[in-house]
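Down below is the structure, laid out as structure tokens.
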Amino acid sequence: MAARIVKRRHVSSRLSCKLFILFSVFVFCVVVLVTAALFTLHSNSTKPSIRVSQAFYHGPPKIAFLFLVRRNVPLDFLWGAFFQNGDVSNFSIYVHSAPGFVLDESTSRSHFFYGRQLSNSIQVLWGESSMIQAERLLLSAALEDPANQRFVLLSDSCVPLYNFSYVYNYIMVSPRSFVDSFLDAKEGRYNPKMSPKIPREKWRKGSQWVTLVRNHAEVIVDDEVIFSVFKRYCKRRPPIDIRKGKLNLKLQKQHNCIPDEHYVQTLLALHGLEGELERRTVTYTLWNQSTTKTDNKGWHPITFSYANAGPRKIKEIKDISHVYYETEYRTEWCHSNSTSVPCFLFARKFSRGAAMRLLSDEVIGHIELSALLGNDL
């Protein structure tokens with residue numbers, strides 16, 4: 001009898017031990033799951049939401065047109081005509097404007113822009129890191145739509161040089177991004193303090209007006225490390241102020257860097273992605289290149305007016321087939337998916353009169369001009 005009692009106690013003890021182990025494993029699993037859930041919530045609160053990658057999206061792909069403007073879109077009437085000739089399932093529009101500015105019937109000539117402004121826009125200053133932050137905000141907003149598979153950054157003075165169908169096919173057929181990128185060998189914009197996060201051999205320069213495939217856009221939006229380096233060490237030198245007298249000499253010795261001409265190019269180089277690029281922009285700019293060394297420091301884009309935006313000049317731009325990069329002794333022949341193509345789809349800087357002439361010459365397709373003139377704002 002005593003032996004049976006001892007045996008039962010032994011069995012009961014082993015059962016209790018097993019139950020304790022199972023309970024302990026269960027508690028451990030619950031703790032792990034809760035911790036993982038909390039970590040995921042924290043990650044989602046500090047990073048962009050989960051996106052559908054290019055490889056897993058199935059549906060009509062769209063081009064996201066990203067307008068970086070001061071307030072309204074000055075040439076919206078021309079862009080309205082451009083989008084009017086396209087399929088609405090093939091494009092989306094995002095506008096980074098001044099904080100609080102709303103695009104509606106009172107501020108835009110084209111319904112395509114109504115309500116397309118970002119709600120989280122920031123105040124942008126030329127030559128400051130706020131410029132590339134605004135670009136990142138545009139890309140982040142556009143990435144929320146998995147249908148957006150290409151991303152075109154445009155200024156408030158950009159115009160299309162072809163109709164929508166041509167632009168869409170040109171961009172979509174290429175698996176590469178179009179990013180003007182070259183070695184910055186002559187100018188002293190690289191700050192040695194950027195090293196080792198940005199080594200000198202990865203420092204690049206180019207036009208900020210880029211056209212990106214989706215995975216490259218994600219690299220830019222997800223970056224925090226290189227952007228923080230730019231914010232700290234890539235800053236525009238203050239302009240000369242005669243009121244400061246001799247202090248200007250000291251100020252002009254400061255390092256001078258223009259973030260938006262370096263950030264995307266350098267970031268993609270650091271990620272080893274240059275082999276996935278057409279290393280050129282599809283946006284044409286005519287620079288006023290003065291002949292003297294002193295004047296070269298003041299190069300600026302020429303603004304096209306009604307007078308100098310005629311058919312002959314537009315044809316000259318469209319006929320450009322290659323770009324020469326002096327610092328690399330490189331000629332970039334313009335291709336899209338290994339096919340020779342005109343280099344440029346867009347151009348800047350165009351005045352309102354120049355844009356109106358493109359409409360009248362039916363560069364982007366037929367449009368009723370009287371309707372536009374009757375709704376002049």
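The values are calculated or read from the model by the stated rules, or taken from the named source; none is laboratory data. Fair warning: this is a prediction, and the values are worked out from it, not measured in the lab. Virtual Cβ from ideal backbone geometry, glycine too; neighbours counted across all protein chains shown.
Conditions (1) buried (at least 22 other Cβ atoms within 10 Å of the Cβ); (2) at pLDDT 95 or above; (3) not in a loop (DSSP other than H, G, I, E, B), marked per residue:
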{"residue": "Trp209", "(1), (2), (3)": "yes, yes, no"}
{"residue": "Leu212", "(1), (2), (3)": "yes, yes, yes"}
{"residue": "His216", "(1), (2), (3)": "yes, yes, yes"}
{"residue": "Ile220", "(1), (2), (3)": "yes, yes, yes"}
{"residue": "Arg232", "(1), (2), (3)": "no, no, yes"}
{"residue": "Pro238", "(1), (2), (3)": "no, no, no"}
{"residue": "Leu249", "(1), (2), (3)": "no, no, yes"}
{"residue": "Val264", "(1), (2), (3)": "yes, yes, yes"}
{"residue": "Leu267", "(1), (2), (3)": "yes, yes, yes"}
| message | Report every pair of residues separated by at least 6 positions or lying on different chains whose Cβ atoms are under 6 Å apart, first residue within the range 194-205 and closer than 12 Å to His271 by Cα, second at pLDDT 95 or above and surrounded by fewer than 14 Cβ atoms within 10 Å (Cβ to Cβ). | response | none
| task | Say whether the condition of being modelled with pLDDT of 95 or more, outside any loop (DSSP other than H, G, I, E, B) and of a type in the set (A, V, I, L, M, F, W, C) is met by at least one residue in the range 272-281. | result | yes
| note | All conditions in (1) within 21 Å of Asp223 (Cβ to Cβ); (2) touching a residue at least 24 places away in the same chain (Cβ under 8 Å) are true of Asp156 except (1)
| said: Being of a type in the set (Lys, Arg), modelled with pLDDT under 95 and touching an Asp or Glu at 6+ places or on another chain (Cβ under 9 Å) is the requirement here; does Lys193 meet it? | reply: no
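Taking Ile171 as the residue in question, decide whether it is in contact with a Ser or Thr (Cβ under 8 Å, 6 or more places away or on another chain), hydrophobic (A, V, I, L, M, F, W, C), assigned to a helix (DSSP H, G or I) and under 25 Å from Asp223 (Cβ atoms).
Numbers: in contact with a Ser or Thr (Cβ under 8 Å, 6 or more places away or on another chain): yes; hydrophobic (A, V, I, L, M, F, W, C): yes; assigned to a helix (DSSP H, G or I): yes; under 25 Å from Asp223 (Cβ atoms): yes.
Yes.
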